[in-house]
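Novice: Structure in structure tokens, see below.
Any read-out appearing in this document is the output of simple, stated calculations on the displayed coordinates, not a laboratory observation. Please read these numbers as outputs of a predicted model, since none were measured by experiment. Backbone-built Cβ (ideal geometry, glycine too); neighbour counts: all protein chains shown.
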Amino acid sequence: MSETDRPDETPPSERRSRNRLIAIPEGASALVLFALMAMTCIDVIGRELFGTPLDGATELTQLMLGVIVFAILPSVCLREEHVSVDLLDLWFPERLVPLRQAVLNAVMAVALGFVAWRVWIIADLTADYGDATEFLEIRLAPINYFIAVLSGGGAAALVVNTVRHARTALATAGAAKDAPDDRGTS
């Protein structure tokens, strides 16, 4: 049984709280995706039928894609729905999967925390310089802060996963230690 095939062992009350917490950024991401789709349709219709593209569509597309990706990042991290390559999963001992997941989530939490910290610094610089998009003059600092905060949220979600997997690894190790070995001795 792979890690994704396992039933969610989280208590129902905690699962409901978690689902409510991640519903807001997921909803925001869905709304921005819908707006991006509508804007693209308007741009294509204007370009093809009237010979006039939507002004600033390229800038808006870039900003909207950033919002979509980073709004959903904490949810993806919490659910461990990342794109992954599982070439070694067949040969990896089942009993060590929780330990592996704890280590991987910890490493990713540190990496994403570093990204959040660096993006926050960049957001401060763009705020100080007053950086904006070229055509529509949309300020970049709020978007950079948004990316930094949600990257931090993704790192926090990975820390939650690390703790969850570490507890499972410890429980598995304790159960294996208490179980009798093949010779019938403890």
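Novice: Could you identify which residue out of PRO12, PRO53, PRO74 has the top mean-square fluctuation in a GNM of the chain using Cα springs shorter than 10 Å?
Specialist: Largest GNM mean-square fluctuation: PRO12.
Novice: Between ARG20 and ALA38, what length in nm is gained on full extension when 0.36 nm per residue of separation is reduced by their alpha carbon distance? Don't skip to the end; give the middle numbers.
Specialist: Details: separation 18, 0.36 × 18 = 6.48 nm, distance 2.72 nm.
The ARG20-ALA38 span can extend by a further 3.8 nm.
Novice: Test of understanding: ordering CYS77, CYS41 by Cβ neighbours within 10 Å, fewest first, what list do you get?
Specialist: Working: CYS77 26, CYS41 11.
Placing the least packed residue first, the sequence is CYS41, CYS77.
Novice: Treat each spin label as a single point 7 Å out from the Cα along the C-beta direction, and report the VAL85 to LEU65 distance in nm.
Specialist: Roughly 2.3 nm, to one decimal.
Novice: Can you find, among LEU112, ILE42, ILE138, the residue farthest towards the positive end of the dipole of the chain? Put +1 on the C-beta of Lys and Arg, -1 on that of Asp and Glu.
Specialist: LEU112
Novice: Then there's this: Extending each Cα 7 Å along its Cβ direction at ALA28 and ARG95, get the distance between those two points in nm, one decimal.
Specialist: Spacing of the two 7 Å Cα→Cβ label points: 4.5 nm.
Novice: Then there is this: Could you tally the net charge around PRO53, taking each other residue with its Cβ under 14 Å from the Cβ of PRO53, Lys/Arg +1 and Asp/Glu -1?
Specialist: On the way: positive: ARG47; negative: ASP43, GLU48, ASP55, GLU59.
That works out to -3.
Novice: For the pair PHE135/ALA173, report the inter-label distance in nm, with labels modelled 7 Å from Cα in the Cβ direction.
Specialist: In this crude label model, PHE135 to ALA173 measures out at 5.7 nm.
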